[in-house]
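Below is one structure, written out as structure tokens; the observations come after it.
We did not get these values from a lab; they are worked out from the coordinates using the rules stated. Computed from a predicted model, the values in this text were never measured in an experiment. For neighbour counting, all protein chains shown are included, and Cβ atoms are generated from backbone atoms with ideal geometry for every residue, glycine included.
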């Protein structure tokens, strides 16, 4: 049996580059057959020269001539080139394992293509699951399809449930969640502004927001961490992965059984508490290569200790509740999750627009939550049961967000 084939979507981003690093350590077991990136063509061509894939995707058709020229210069004239949403979907059906490291709603096409093709999806693109939860849940039931989360928190929960003998890879509506699970605790670093006052938050800059204390991530996710929106979206994602989504039948925990606790050391990545009071936690150093390797190898594990902790020097582990008044995005996400339907799609889209405006210097950090709240006040109550409904919800929310930007 040959090496397992891997497609890396979002290959030039943080998750993508770390995936290539992980795979390079096991060349006899894994082989990159597809790469996809929105732009950054020089980096994409260099990656292709290193791994020699069968197919490469770029974000737009007008980029095809340039990437072809770059590939030809690397001696890769025979590599297939595709583009756009259809291209992302195509590369997401070419491998045994698809790593979706795209940031934002754009990653939805890869998520659905991989699952509908019966592939293993190593999912780091939380927005596609959040915005299109009901649609993704249907795709998860495709024979052969697997969804293994790559977010450190959700990979931690997956491992905690696996340690208990549960089936963390099944869809919640299938009734496979153990009744002994009482609560899930998602840990949050608190971001760069933990402990700030209202006055301090009023003057934070883009550079301040991008200075994350423990993780190295892309700009959008780093800003989301600073507002705690990242953690709010992760609550919705955790409920879709492991709980009982709004309106879903069956037993199991619900959204309000998923707690957020601030843990500034980022050593405990999440916890599961059972009805007898026992809590199982997953602990490691902040290193995204660990959950990436876990998703590639599950149910096996890599031998490389990516996140090993030296317990003789680990020091203290602190926990505290989040400040929900200074960081209102957390509760806005909880409310969207309770509403269900297209509400998560709306909040995800509104947040993307607001964060982009902040990064471009068009919106103060403190106004990100205000823009989102104003957009959510217009939510139309859609069910989000079809892909067309999800796409329409995303479009509407983005339109309203642009309208309410100052």
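Measuring nothing but alpha carbons in the chain and taking Rh as the Kirkwood radius, the Rg to Rh ratio lands at 0.95.
If you take every DSSP beta bridge fully contained in the range 4-149, what fraction is antiparallel? Give it as a percent rounded to 5. Taking every DSSP beta bridge with both residues in the range 4-149, the antiparallel ones total about 0 percent.
Once the C-beta distance of residue 60 and residue 276 is scaled by a Förster radius of 41 Å, the resulting FRET efficiency is 0.15 to the nearest 0.05. With the cut-off at 1.5 for a/c, could you classify the range 341-406 from its C-alpha gyration tensor as rounded, prolate or oblate? Prolate, since a/c reaches 1.5 and a/b exceeds b/c.
DSSP finds beta bridges in the chain, and of those with both partners inside it, around 25 percent are antiparallel.
The alpha carbon radius of gyration of the range 256-374, expressed as a multiple of 2.2 N^0.38 Å, is 1.35.
Note on residue 200 and residue 17: with the Förster distance fixed at 25 Å, the Cβ-Cβ geometry gives a FRET efficiency of about 0.15.
Residue exposure proxy: 199, 90, ordered by other Cβ atoms within 10 angstrom of their Cβ from fewest to most, comes out as 199, 90. Ranked for footprinting exposure by Cβ neighbours inside 10 Å, fewest first, 398, 141 give 141, 398. Rounded to the nearest 500, the helix-only mean residue ellipticity at 222 nm of the chain stands at -12500 deg cm²/dmol, with each DSSP H run of n ≥ 4 adding -39,500 (n - 2.57).
Using a 10 angstrom cutoff on alpha carbons, build the Gaussian network for the chain and name the most mobile of 130, 253, 347. Among 130, 253, 347, the largest GNM mean-square fluctuation belongs to 253. Once the Cβ-Cβ distance of residue 42 and residue 377 is raised to the sixth power relative to R0 = 45 Å, the FRET efficiency obtained is 0.55.
Of the peptides 333-341, 299-307, 232-240, the ranking by mean beta-carbon count within 10 Å, highest at the top, reads 232-240, 333-341, 299-307. In percent, rounded to a whole number, the relative contact order of the chain is 14, using alpha-carbon pairs under 8 Å and six or more apart. Note on residue 116 and residue 313: the extension gain reaches 66.3 nm, defined as 0.36 nm multiplied by sequence separation minus the Cα-Cα distance.
Taking 0.36 nm per residue of separation and subtracting the current Cα-Cα distance, fully stretching the chain between residue 323 and residue 402 would add 25.6 nm. Expressed in Å, the radius of gyration and Dmax of the Cα atoms of the range 4-149 are 14.1, 44.
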